């Protein structure tokens, strides 16, 4: 009697369900919680971006809430946050609940995507399922890195979950879930050689980069590893390069060159000193030589293409991570964070290495192994469920210091800028009050803003007050040693006592007003009052002191500034010849100023704020508009042209194929 054959589609669906299910068992609780008892995490910043997007769908060009204003795309690679905002709007739920729901779904889909990639590369569902199962249940980095193991508390705990829940780095985990899918789409495009598949692959690549910058770097390593394993490089590399160019064209309005340059620059100084120099170039050269040596070795052994790709991917991610963890050598900025990418590569590699053993084993051996694997997987899934249940804890957010601080600002500041380092991550999850800090320091294009933040936190009262006034801050939240906030913010919480008027007190948490002659962000100044030379550090105060004195000069007229949208404002002031308007908003080439419809010069002063020459006397009205400038116009045109061009090419190719069939 012939054994019934199970349809391939059913096997595929069953494999996906068996991978999605255990991950849902582990992380499913997260999808039902609005705020977590993890106020040390950064997730509040991501919720804030989604909240802003949800309330400003038609005006996502300038982001005025962080760092004295920045381009929206600089707040963070925005794809995940736009998705969260869309889900929140569609389901009628809060951005916080939507954030956890979306993160849970993508967390569960990560192993499924790895299954698809491993199956596509190897042609084996068993191999793909093994890779997905490993990624679901273990974290190889815990076995290799003592810091990770100690932080997790056990070899059997899962780093992905801890990263999402405790640290709040959902975008990185979500982008890693997209990396295998993007690679699979690229492989499909190179196999099919059709424009529609080129477009799908480009969209997959763009989605990863637009979700997280570390995920984008991981994708680059993975694509290089994949292409190195191909048998026809002369045929594949140009096509892959074309797909990559199309992917960037699609993504460029949300990731223009200026944003990439800003992130690349700031990444070298966030978290530690990661300045890139000749040492990193030398280390990188050694890594490239070692990679080419590994390629020669694998070519001689006759290893399969999919095993080569996985080994190259593992080599790159392990080299970056373990050279930093074991040897204190960094090749790229923030190398310790790539251990999450290393986990993906190692799970893929182990599955490919075990594939020959499985295929050559006798039938009874495979059955015994399957039973052992099943029992171990169920036990580990249950263990992770208990671990997750202890990690995923809800909180009454209204009782937190961060929420109460934000509520006071919302009720009392009427949109005036504040500084709240202790509540910076969560502040704009509850209020649209702009702040000098923010949640993504890599995205600020103004280096002096970072100097001001550091100097205000660590300097004495007089220095801190000068920097706060220079950047238009009207209130500062300070947490003492007994503050309920997780982060305390200021090194000396008592430095404003007697210097600034106290506005609010709640236990050991305080808010101080920063007095100013005018609450406007626009000020009339003389040309000699502006900061010309960028300060070397927070102690370099000579020109900053002169500028602040000009803001308080009663002989200068007052200017009024009113935001007419999220990306435009109107400034009115009585001016005399030679006087300028200083605007305490971050300068960007995308800003333009107009007086009666005529353009006026806009430039950056020495601390990165805007200076406008209205070239008018008497009552003057200046319209300030941010449109992104030439860079954004080119990016939008490239994105639309790339998308429509590929669709048109696909339609033309389809028509030609249909005609050839009938002919």
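In table form, for the structure just shown:
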| quantity | calculated |
| --- | --- |
| Scope the range 345-392; condition out of contact with any helix residue (DSSP H, G or I) (no Cβ under 6 Å at 6 or more places or on another chain) and not in a helix (DSSP H, G or I); matching residues | 361, 362 |
| Top-ranked residue in the range 259-290 [being in contact with a helix residue (DSSP H, G or I) (Cβ under 6 Å, 6 or more places away or on another chain) and not in a loop (DSSP other than H, G, I, E, B); ranked as farthest from residue 227 (Cα to Cα)] | 266 |
| Qualifying position, being more than 30 Å from residue 126 (Cβ to Cβ) and without any contact (Cβ under 8 Å) to a residue 40 or more places away in the chain, among 57, 62, 66 | 57 |
| Tally of residues being modelled with pLDDT of 95 or more and outside any helix (DSSP H, G or I) across the range 187-211 | 2 |
| Which numbered condition residue 545 misses (of (1) touching a strand residue (DSSP E or B) at 6+ places or on another chain (Cβ under 6 Å); (2) at negative phi) | (1) |
| The range 566-618, subset surrounded by fewer than 16 Cβ atoms within 10 Å (Cβ to Cβ) and out of contact with any strand residue (DSSP E or B) (no Cβ under 9 Å at 6 or more places or on another chain), residue nearest to residue 632 (Cα to Cα) | 598 |
| Scan of the range 441-456 for residues that are assigned to a helix (DSSP H, G or I) and crowded, with 20+ Cβ neighbours inside 10 Å, ordered by number | 442, 443, 448, 449, 451, 452, 453, 455, 456 |
| Residue check, residue 12 touching a strand residue (DSSP E or B) at 6+ places or on another chain (Cβ under 9 Å), touching a residue at least 60 places away in the same chain (Cβ under 8 Å) and either outside the structural domain of residue 402 (by TED's automatic domain parsing) or farther than 21 Å from residue 398 by Cβ (or both) | no |
| Those residues of the range 625-639 which are touching a strand residue (DSSP E or B) at 6+ places or on another chain (Cβ under 9 Å) and free of Cβ contacts under 8 Å to residues at least 60 places away in the same chain, in sequence order | 625, 629 |
| Filter pass, residue 16 being modelled with pLDDT of 95 or more and under 30 Å from residue 304 (Cα atoms) | no |
| Residue tally, condition over 14 Å from residue 168 (Cα atoms) and in contact with a strand residue (DSSP E or B) (Cβ under 6 Å, 6 or more places away or on another chain), over the range 33-60 | 1 |
| Residue among 493, 534 that alone is within 33 Å of the chain's Cα centre (by Cα), modelled with pLDDT under 95 and crowded, with 17+ Cβ neighbours inside 10 Å | 493 |
| Only one of 324, 388 that is closer than 30 Å to residue 213 by Cβ, in contact (Cβ under 8 Å) with a residue 40 or more places away in the chain and surrounded by 20 or more Cβ atoms within 10 Å (Cβ to Cβ) | 388 |
| Options 30, 24: the member that is within 18 Å of residue 174 (Cα to Cα), surrounded by fewer than 19 Cβ atoms within 10 Å (Cβ to Cβ), touching a residue at least 24 places away in the same chain (Cβ under 8 Å) and over 20 Å from the mean Cα position of the chain (by Cα) | 24 |
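The values are calculated or read from the model by the stated rules, or taken from the named source; none is laboratory data. Note that the coordinates shown come from a computational prediction; the quantities given were computed from them, not determined experimentally. Using ideal geometry, Cβ is built from the backbone for each residue, glycine included, and neighbour counts are taken over all protein chains shown.
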